[in-house]
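Take a look at the structure below.
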Amino acid sequence: MEKRIIEDNLSYSAHLKIDGIHTFRELDSTNSEAMRILESGRNGIQLVVANLQTDGRGRRGRRWLSPKEQGLYMSLLHPFTCDVSALQALSLVSALSVHESLTGKNVPSLQLKWPNDLLIGKKKLAGILLELRTFDGVTYIIFGIGVNYSLGESQKSKIDRPVTDLAEMVSDIPGREEMVGTICSTLLMNIEKFIAEGFGSFQDSWNQYDFYYKSNVVITNGNHCQSGKSLGVNKDGALVLETSEGEKIISAGELLPSLKGAEESFG
Ligand code: BTN
């Protein structure tokens, strides 16, 4: 990873905002490194990128397969003074930012799955893990972003869910440094907009790209499971589910396309 190429692809305003860019050949996890950087006393906005992760982490305690240079692995550490309850909406804002960045590089037919997966068809292209830390009385969010670049069939077969990568979808794949610079700039711009205007101005775009909008879905959270028709996200970023008992507002959980999927996920 060439730091200079990342810098060259940052917007002017991102350049001014970022306090440090840290590139590594190998890390356990860019999210873990971002936490170590915070705990070592560096504050402000920090970007961490690695060519490979030996212990990449996904949501719900899953692993994130991170072979060398076959994916993009980055974390953005960002201090926040806003209410922590905004975390839910920020997770959707981060997914929209990755969507906007990849679509801008001609990646076709990209859609979202609540809360923050990026799909092409029903296959996952990218995932985001948000982690929260408080240090010296300040709340920080770590936005951990993974994009599959060129996993190849052997790596894909190790993942127990349908996955895709950029190599399958685009002939002219943007370089990883270029992509990191673009995602980081878009995310910082959207965070600023979110702080100024709230989630309301992102709501329509999110619902427009939602793969499961107006579809029957199941939401699981621990052992709890609810089924209904997804009506998209509300102005706070929570999912609205039309159920037999009326509309339910869901603020956490995992969306599955069917009850069959839910049973498999418990099994
Ligand atoms: C998911 O489960 O969908 C979230 C996956 C997030 C993976 C990224 S890769 C960079 C960052 N470092 C990690 O250990 N995880 C995130």
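Spread over its residues, the convex hull of the C-alpha atoms of the chain is 128 Å³ per residue. Backbone geometry of the stretch 146-163 corresponds, through the Karplus equation with coefficients 6.51, -1.76 and 1.60 at θ = phi - 60°, to 3J(HN,Hα) couplings of x, 10, 6, 9, 8, 5, x, 5, 5, 6, 4, 5, 7, 9, 7, 9, x, 10 Hz, x marking Gly and Pro.
Summary of the geometry: the stretch 37-83 and the stretch 143-188, compared by the centres of their Cα atoms, lie 15 Å apart. When the residues M1, M189, M169, M179 are ordered by accessible surface, computed with a 1.4 Å probe over the protein chains alone, the sequence from largest down reads M189, M169, M1, M179. Can you give the Kirkwood hydrodynamic radius for the stretch 137-267, in Å, rounded to one decimal and based on Cα pairs? For the stretch 137-267, inverting the mean 1/r across all distinct Cα pairs yields 17.7 Å. Taking a straight line from the alpha carbon of K156, these aspartates and glutamates sit under 18 Å away, with near neighbours fewer than eight places off in the same chain left out: D55, E69, D117, D165, E168. Can you list the trypsin sites (Lys or Arg not before Pro) in the stretch 146-189 that are in a DSSP coil and have 16 or fewer other beta carbons within 10 angstrom? Counting only loop positions with at most 16 other Cβ atoms within 10 Å, the trypsin sites (Lys or Arg not before Pro) in the stretch 146-189 are K158. The angle between the Cα long axis of helix 176-197 and the longest principal axis of the Cα atoms of the chain comes to about 60 degrees, rounded to the nearest 10. What the Kirkwood sum gives for the stretch 1-65 is a hydrodynamic radius of 12.9 Å, with every pair of different alpha carbons counted. From most to least packed by mean Cβ count within 10 Å, the peptides 39-47, 107-115 give 107-115, 39-47. Under a 5 Å amide H cut-off, with hydrogens placed 1.01 Å from N, K124 pairs with V163, T164 among residues at least 5 apart or on other chains. Heavy atoms of the protein chains alone define the surface here; on that basis the stretch 133-202 has 44 Å² accessible area per residue at 1.4 Å probe size. Using C-alpha pairs under 8 Å with a sequence gap of at least 6, the mean separation divided by the residue count of the chain gives a relative contact order of 18 percent.
Pairs from the table (K193/K229; K68/K122; K113/K214; K3/K105) lying more than 18 angstrom apart at Cα are K193/K229; K68/K122; K3/K105.
A dipole drawn for the chain from +1 and -1 charges on Cβ atoms has a positive end, and of F135, A196, A238 the residue lying farthest that way is A238.
The values are calculated or read from the model by the stated rules, or taken from the named source; none is laboratory data. Every value quoted in this text rests on a predicted model; they were computed, and no experiment measured them. We place every Cβ from the backbone using ideal geometry, glycine too, and count neighbours over all the protein chains shown. Ligands, DNA and RNA are stripped out before the accessible areas are found, and what is left, the full protein with its side chains, is counted by its heavy atoms. Shrake-Rupley method; radii C 1.70, N 1.55, O 1.52, S 1.80 Å.
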